[in-house]
1. Calculate for the chain the 222 nm mean residue ellipticity that helices alone would give, adding -39,500 (n - 2.57) per DSSP H run of length 4 or more and normalising by residue count, nearest 500 deg cm²/dmol.
2. Relative contact order for the chain: what is it in percent, counting Cα pairs under 8 Å that are at least 6 residues apart?
3. So how do T48, T238 line up by other beta-carbon neighbours within 10 Å, fewest first?
4. With +1 on the Cβ of every Lys and Arg and -1 on the Cβ of every Asp and Glu, and nothing else charged, how large is the dipole of the stretch 27-280 about its Cα centre, in debye rounded to the nearest 20?
5. Given 10 Å bins starting at zero, what is the percent of C-alpha pairs of the stretch 29-130 in each, up to the one with the largest pair distance?
6. Measure out, as a whole number of angstrom, how far apart the alpha-carbon centroids of the stretch 19-46 and the stretch 89-120 sit.
7. Note the direction-averaged projected area, equal to a quarter of the hull surface, for the Cα convex hull of the chain, in nm².
8. Grab the beta carbon distance between S138 and E3, set R0 = 56 Å, and tell me the FRET efficiency rounded to 0.05.
Amino acid sequence: MSELIIGGISAESLAKTYGTPLYVYDEAKIDNRICEYTENFKSELFETKVLYASKAFQCIELLHKIEDAGLYLDVVSGGEIFTALEADFPADKIYFHGNNKTPEEIEFAVSEGITHFVCDNLMELKGLEQEALKQEKSISVMLRLNLGIEAHTHEYIITSYVDSKFGMALESEEYLESIATIESSRWLELEGFHSHIGSQIFEMDAWFAAIDKLVDLVAGFPQRLSLNIGGGFGIRYTKEDKPLSIPEVVAQLVHVTEAALAKRAIQINALMIEPGRSLIGEAGTTLYTIGYQKKTPNKHYVFVDGGMTDNIRPALYQAKYSCDAVTQLGKEKTNKVTIAGKMCESGDVVIEDTYLPEVAQGDILAVYSTGAYGYSMSSNYNRATTPAVIFVKDGVAKEVIKRQTFKDLLRNDVRR
Ligand code: LLP
């Protein structure tokens with residue numbers, strides 16, 4: 001009988017050893033993807049930096065890997081900074097993002113030696129300047145711009161449309177005053193500009209348009225600046241998804257930037273990209289145990305022991321996934337089923353209308369490409385405990401995040 005092998009170990013035995021639901025990462029896939037980025041995102045004309053957008057999935061073990069590979073880090077909160085510092089990630093390789101960094105977060109970041117800030121608005125910039133002055137620290141500022149370019153993807157995850165909460169519009173008062181604030185500040189220095197045009201993108205045109213606008217913009221400055229063109233590289237969730245090849249995409253981005261610079265006869269210090277999902281998403285698989293089944297007039301439900309608490313994406317974005325019953329691999333997928341979770345919410349569906357062979361209680365189900373925004377968006381709704389996370393490579397499995405226990409759920413409850 002055929003088996004699903006992840007990193008040299010059968011999924012069934014991983015489920016037995018660690019229980020379900022379980023997030024399993026094939027480390028070799030992460031390593032390969034990192035290599036695809038670092039090997040192909042290169043230029044003779046400027047420095048290139050790959051920043052891992054750690055909101056996609058953060059844990060100490062992964063951060064070690066990211067650092068070992070020489071990547072930089074994009075963080076968006078005090079919690080993400082704290083985790084990075086606990087993993088001994090170098091503070092000067094961290095870029096601090098976010099549209100509403102609190103004064104406490106800014107104070108914390110500056111005091112911990114974070115020197116790169118991606119500023120989203122003028123108020124934030126003024127607060128940052130005060131903090132830099134107070135602590136007498138120099139800060140490099142990237143301004144996050146809303147270039148008004150829409151990437152073709154799901155509306156909820158487009159972050160660069162005109163009324164976006166993220167970034168400042170070019171030539172707006174906010175932008176002009178931000179530039180003036182940086183220029184008149186002893187402690188702030190303009191590092192460059194940032195734009196993130198969306199997520200799960202399958203076409204390159206929007207990035208090319210963004211590069212063109214950004215290069216135009218930096219051409220107006222006397223000093224050499226840097227550009228960050230964000231993340232958003234799409235991945236394969238189902239066979240309908242046709243992701244771009246990462247080596248090709250990043251080589252193209254460099255090439256298009258070089259051409260745009262040559263056309264205007266200018267130079268930049270660095271070009272940065274910020275992949276999250278594409279670095280980690282396809283390496284992750286969630287294993288569930290199948291429980292009961294139920295037939296309604298129009299549906300055949302197969303229930304699993306997790307759901308929206310470990311993967312909110314189907315409920316939040318109508319995201320699609322593919323799966324296999326790993327204990328019935330190789331059998332014909334004769335049944336049209338809807339895989340639903342165990343949470344008290346009608347929208348708690350993992351996969352609507354998919355095909356499986358005949359399955360029984362106790363069978364193990366693998367849902368693929370759950371490595372990004374799964375664990376990181378998990379919740380304790382219904383007091384569900386967060387699953388363990390396992391990294392597997394060359395037949396060796398290691399637990400990198402432990403499964404929560406019921407006791408963990410009560411950690412912050414105050415008892416009478
Ligand atoms: N840089 C910035 C400024 C971002 O806002 C994001 C994602 C990224 C990089 C990384 O994008 P990626 O390469 O992962 O697409 N929770 C949603 C995605 C939200 C993305 C928010 N920003 C999801 O599960 O699809």
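1. Numbers: 12 runs with 121 residues, N = 416.
-8500 deg cm²/dmol, from helical runs alone.
2. Here the relative contact order equals 20 percent.
3. Working: T48 19, T238 14.
With the fewest neighbours first, T48, T238 line up as T238, T48.
4. Working: 22 positive and 42 negative charges, 89 e Å.
Dipole about the Cα centre, nearest 20: 420 debye.
5. Percent of Cα pairs in each bin: 15, 45, 29, 11, 0.
6. Between the Cα centre of the stretch 19-46 and that of the stretch 89-120, the gap is 25 Å.
7. In nm², the orientation-averaged hull projection of the chain is 22.6.
8. Step by step, r from the Cβ atoms, then E = 0.50.
FYI, it's all coordinate maths here, none of it is from the lab. Just so we're clear, the structure is a prediction, and the values are computed from it rather than from any experiment. Here Cβ is always computed from backbone atoms with ideal geometry, including for glycine, and neighbour counts include all displayed protein chains.
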